Amino acid sequence: MDSKNILNSLHTLATGNDDYAAFNRRIVNTQQAVLGVRVPDMRRLARAVAKEATADNTRKLLDEKSNIFEYIFTVGLIISYAKLDDAAAITLTRKWLGQVDSWAQIDSVADKNRRYMHTAWRKFVLECLESQQEFSVRFGVIVLMTNYLDESHIDEVLDKLRAVKHDGYYVKMALAWTYATAAINFFDKVMNELASGAIDPWTTKKSYQKMHESRRFTEEQRKVIDQMRSRAR
């Protein structure tokens, strides 16, 4: 399926979704045109296309350089679903990241995926953390959150997140989300990290806020969270 067919399919899927398009445009905060296609529909389309995807024809989809939110979103999903070798998939992902302008596109592609545990992908993810591009950094942070928050990697994850210096809003929100998620299983480690002063005040406060809003902590842990949250104000 070429770019023209994908765009035609997206326009068909968006039919009758004008209200959803207006709502979603505000939520995803994109400068791209929003058709109003729902994420499950994009996933189904991407999975169908990915069955026949090669590195070459997927690269041609990226060469289209469309300004339609759902097209960029769908191509990212195709790269994620396609049976490509790591080198080709990383090259395509790097190119795709240059076309992204929304957290929603990033978060769906950076979801849990066994390939992100491969050595080549780990190297690329850590490279993303040092990027000047806001959404490339967010991609790196979210991949760590969805794939690396386990006993074997938690210390390294905290170390790498501490080194992230990008000041973008969507980077800081990703960091706060990751700290709050990591605290569910590594409460003491994360609370010590946030209390160390190594994390910027805004991200620290937002991390405590996200923990406060979560229902996944014990009553005793919630008391500690609220105490730390009060001190951070």
Residue-averaged 222 nm ellipticity for the chain, from DSSP H runs of 4+ at -39500 (n - 2.57), nearest 500: -21500 deg cm²/dmol
Among the listed pairs Lys112/Lys223; Lys4/Lys83; Lys65/Lys206, those beyond 24 Å (Cα-Cα): Lys112/Lys223; Lys65/Lys206
By average C-beta atoms within 10 angstrom, highest first, the peptides 158-170, 103-115, 136-148: 136-148, 103-115, 158-170
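Kirkwood Rh and Cα-based Rg: tell me the resulting Rg over Rh for region 132-171, rounded to two decimals. Kindly include the intermediate steps, with their values, before the conclusion.
Values: Rg = 10.3 Å, Rh = 10.5 Å.
Reported Rg/Rh (Cα atoms, Kirkwood Rh): 0.98.
In the neighborhood of Ile106, defined by Cβ-to-Cβ distances under 12 Å, what is the net charge if each Lys or Arg adds +1 and each Asp or Glu adds -1? All intermediate terms of the calculation are to be shown ahead of the outcome.
Details: positive: Arg138; negative: Asp101, Asp107, Asp111, Glu134.
Taking every other residue near Ile106 into account, the sum is -3.
Using 1/(1 + (r/R0)^6) with R0 = 25 angstrom and r between the beta carbons of Lys123 and Asp200, what's the FRET efficiency to the nearest 0.05?
Numbers: r = 26 Å, r/R0 = 1.04.
The pair Lys123/Asp200 has a calculated efficiency of 0.45.
Once whole DSSP H runs in the chain are found, which of them have Cα atoms spread over 24 Å or more along the helix axis and a mean Kyte-Doolittle score of at least 1.6?
Working: long enough: 169-185 (25 Å, 0.58).
Helix filter hits for the chain: none.
Once the convex hull of the C-alpha atoms of region 110-233 is built, how many Å³ does it hold per residue, rounded to a whole number?
Details: hull volume 11.9 nm³, N = 124.
It is 96 Å³ per residue.
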Two-site label geometry, Glu156 and Tyr20: point separation in nm, points 7 Å out along Cα→Cβ: 4.0 nm
Neighbourhood charge, 13 Å Cβ-Cβ cut-off, centred on Tyr170 and excluding it, Lys, Arg +1 and Asp, Glu -1: -1
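So what is the relative contact order of the chain, in percent, for Cα pairs below 8 Å that sit 6 or more residues apart?
On the way: 263 pairs, mean separation 28.9, N = 233.
Worked out over the chain, it gives 12 percent.
Given a cut-off of under 8 Å on Cα pairs at least six residues apart, what relative contact order in percent is computed for region 1-108? Present the calculation step by step, with values, prior to reporting the outcome.
Details: 121 pairs, mean separation 32.1, N = 108.
Once normalised by length, the contact order is 30 percent.
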Aspartates and glutamates with Cα under 17 Å of Lys160, excluding same-chain neighbours fewer than 8 positions away: Glu127, Glu130, Glu134, Asp150, Glu151, Glu193, Asp200
Length released on extending from Asp63 to Arg43, taking residue separation times 0.36 nm less the Cα-Cα span: 5.1 nm
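Taken together, the values in this text are just the output of simple stated rules run on the coordinates, not laboratory data. These numbers come from a predicted model, not from an experiment. Here Cβ is always computed from backbone atoms with ideal geometry, including for glycine, and neighbour counts include all displayed protein chains.
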